[in-house]
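Taking it in order: structure first as structure tokens, then the write-up.
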Amino acid sequence: MSSSSPPRGKMVNAFNPDAIDALPAETRRAIERRMRLLGPAYRLFYQDPVQVSTGRGTRLFDREGREYLDAYNNVASVGHANPRVVEAVSRQMATLCTHTRYIQDGILDYAEQMLPTFGGWIAAAGHMMFTCTGSEANDLAMRIAKHHTGRHGIICTAEAYHGNSDLTASFSPSLGAQSPLGTWVRRVPAPDSWRSDPATLGQKMAEAVAEQAWLLKRHGDGLAAFIADSLFSSDGIFATPEVLRPVAEAVRAAGGLFVADEVQSGFARSGDCFWGFQRHGIDPDIVTMGKPMGNGYPVAGIAVVPEVVERFGRDTRYFNTFGGNGVAIAAAQAVFDVIRDDGVQDNVRRIGALIRDRLSALAERFEAIGDVRGAGLYIGVEMVTDRATRTPDADAATRIVNGLRARRVLISATGPEANVLKIRPPLVFSEADADWLLAETENVLAGIYGQTA
């Protein structure tokens with residue numbers, strides 16, 4: 001770990017309460033009230049936290065009407081307060097909102113439209129099951145995997161994040177050293193495309209998975225499932241395609257299931273595919289979904305091949321009072337309709353390429369930019385103290401994130417060393433939005449590194 005990296009367990013880009021006295025009185029009072037009412041476990045972003053009151057499209061507004069460019073929020077996938085989503089939710093809430101133990105057309109229509117998008121085994125005969133959050137979706141996926149295989153072992157990547165339930169936190173190492181991993185959880189390195197030969201990434205990762213699966217078996221259990229976010233978001237954002245193909249083979253050779261966590265990389269986020277796992281040419285056994293699915297309304301779920309869930313469905317049952325209720329499905333259907341009808345995936349591909357190209361041009365001027373990578377509108381910019389040694393620079397990432405915040409442009413940082421700028425805007429990000437983001441990024445870099453913008 002570099003000397004400038006934050007301690008493990010400290011959230012990347014978190015507000016430091018010890019610095020509260022440096023803030024304006026009104027901000028201090030708001031933060032103190034929040035801390036008193038919500039307690040110590042909640043965190044705020046930025047050294048100068050942002051107060052928000054309204055949102056529209058790719059913009060957020062504070063109580064004074066100041067406008068912020070949201071280049072971070074993947075939850076509002078088709079834009080804050082998207083009118084089609086708002087109308088669909090309002091109409092359904094005024095009609096009926098109840099659980100899935102009644103026959104309702106909406107949930108069936110949605111599943112019927114969604115299943116073909118996964119391709120392969122799931123499209124052929126798969127099922128969908130609905131939850132409220134991505135954490136619940138990953139929790140359910142592991143319940144099914146353990147029941148199907150009769151084993152408990154889970155393999156994830158080194159800095160993965162998969163949820164905040166008791167089970168999913170146990171295979172979310174990015175939560176930090178003070179958040180314990182499960183007894184049967186094992187980790188493998190993420191496919192670092194900047195520090196390793198991209199041609200060997202998949203095989204190396206597959207060998208690491210096979211080794212950990214063997215160790216799980218040797219210690220008395222075995223592999224139930226391997227789970228990965230297809231863009232390795234918390235590991236530092238790595239987008240090399242085809243990496244997971246040999247990994248899937250190694251997982252199945254060990255008798256485990258392959259779970260594709262699409263909470264971050266799904267719903268056209270990568271631009272070239274609707275689902276992140278499709279970039280790797282694989283057929284998952286279970287796909288999990290969350291956050292962007294309802295544009296902020298709590299709806300999530302899984303898609304699963306029938307043979308994997310058959311015994312689970314026979315031996316136990318699944319019920320979720322709010323998962324898949326009529327309003328949740330209305331939100332999800334509206335998001336899917338917008339992505340399909342409004343050319344959103346093409347927009348993601350085009351604007352994402354534009355941003356990466358212009359960031360790469362900035363890297364020619366600023367040696368502190370070690371690598372620009374990503375797919376679609378999920379982009380990582382790795383900051384380093386020395387490009388030759390590729391030494392991570394978390395301090396630079398923090399200064400850039402907070403420098404942009406001061407200019408009312410919102411991004412964050414990620415990765416095990418907290419040195420990778422994370423640019424992950426709503427999918428409806430426009431060329432004008434990109435111009436604002438890139439102009440202010442250039443200004444901040446110039447101010448930090450002493451060049452003329």
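A few comments on the model shown:
- Ranking Phe258, Phe45, Val344 by Cα position along the charge dipole of the chain, where only Lys, Arg, Asp and Glu carry charges on their C-beta atoms, puts Phe45 farthest toward the positive end.
- C-alpha center-to-center spacing [the range 93-110, the range 15-73] in angstrom: 37
- Here the chain is described by how far its Cα atoms reach on the three principal axes: 64, 55, 44 Å, from widest to narrowest.
- Radius 13 Å from Cβ of Gly281, net charge of other residues (Lys, Arg +1; Asp, Glu -1): -2
- A simple packing score, the average count of other Cβ atoms within 10 Å per residue, orders the peptides 270-280, 47-57 as 270-280, 47-57, with the highest score first.
- Electrostatic bookkeeping for Ala213 treats Lys and Arg as +1 and Asp and Glu as -1; over the other residues with beta carbon under 14 Å from its beta carbon, the sum is +2.
- Inter-centroid distance (Cα atoms) of the range 272-320 relative to the range 157-177, Å: 19
- Across the range 162-217, the mean sequence separation of Cα contacts (distance under 8 Å, 6 or more residues apart), normalised by length, yields a relative contact order of 23 percent.
- Modelled FRET efficiency - R0 41 Å, Phe61 with Arg143, Cβ distances, 0.05 increments: 0.50
- Taking the Cα centre of the range 60-204 as origin and assigning +1 to Lys and Arg Cβ atoms and -1 to Asp and Glu Cβ atoms, the resulting dipole is close to 560 debye.
- Net charge contributed by nearby residues that have their C-beta within less than 12 Å of Phe336 (K/R +1, D/E -1): -3
- Expected 222 nm ellipticity per residue - DSSP helices of 4 or more, -39500 (n - 2.57), all of the chain, to 500: -12000 deg cm²/dmol
- Dipole of the range 308-453, positive direction: furthest Cα of Gly374, Ile448, Thr385, with charges on the beta-carbon: Gly374
- Solvent-accessible area, 1.4 Å probe, carbon plus sulfur percent, for the chain: 50
- Each peptide in 258-268, 24-34, 242-252, 294-304 receives the mean, over its residues, of other Cβ atoms within 10 Å, and ordering these scores from highest gives 258-268, 294-304, 242-252, 24-34.
- Förster radius 25 Å - calculated FRET efficiency between Ala406 and Tyr42 (Cβ-Cβ, nearest 0.05): 0.65
- Under the criterion of Cα pairs below 8 Å and six or more residues apart, the relative contact order for the chain equals 22 percent.
- Probe 1.4 Å, protein heavy atoms only - accessible area per residue of the chain in square angstrom: 42
- Rounded to the nearest 20, the size of the Cβ-charge dipole of the chain about its Cα centre is 880 debye, with Lys and Arg at +1 and Asp and Glu at -1.
- Shown in residue order for the range 292-307 are the 3J(HN,Hα) couplings computed by the Karplus curve 6.51 cos²θ - 1.76 cosθ + 1.60 at θ = phi - 60°: x, 4, x, 6, x, 6, x, 9, 7, x, 10, 10, 9, 6, x, 5 Hz (x for Gly and Pro).
- Across the range 320-355, the residues whose backbone nitrogen lies under 18 Å from the label position 7 Å along the beta-carbon direction of Glu431 are 343-355.
- The packing ranking, built from the mean of other Cβ atoms within 10 Å per residue, places the peptides 99-107, 122-130, 282-290 in the order 282-290, 122-130, 99-107, highest first.
- Options His148, Pro292, Pro180, ranked by Cα towards positive dipole end of the chain, top entry (Cβ charges): Pro180
The values are calculated or read from the model by the stated rules, or taken from the named source; none is laboratory data. Remember, it's a predicted structure, so these values are computed and weren't measured experimentally. Here the Cβ is made from the backbone with ideal geometry for all residues, glycine too, and neighbour counts use every protein chain on show. Accessible surface areas use protein heavy atoms only, side chains included; no ligands, DNA or RNA. Shrake-Rupley method; radii C 1.70, N 1.55, O 1.52, S 1.80 Å.
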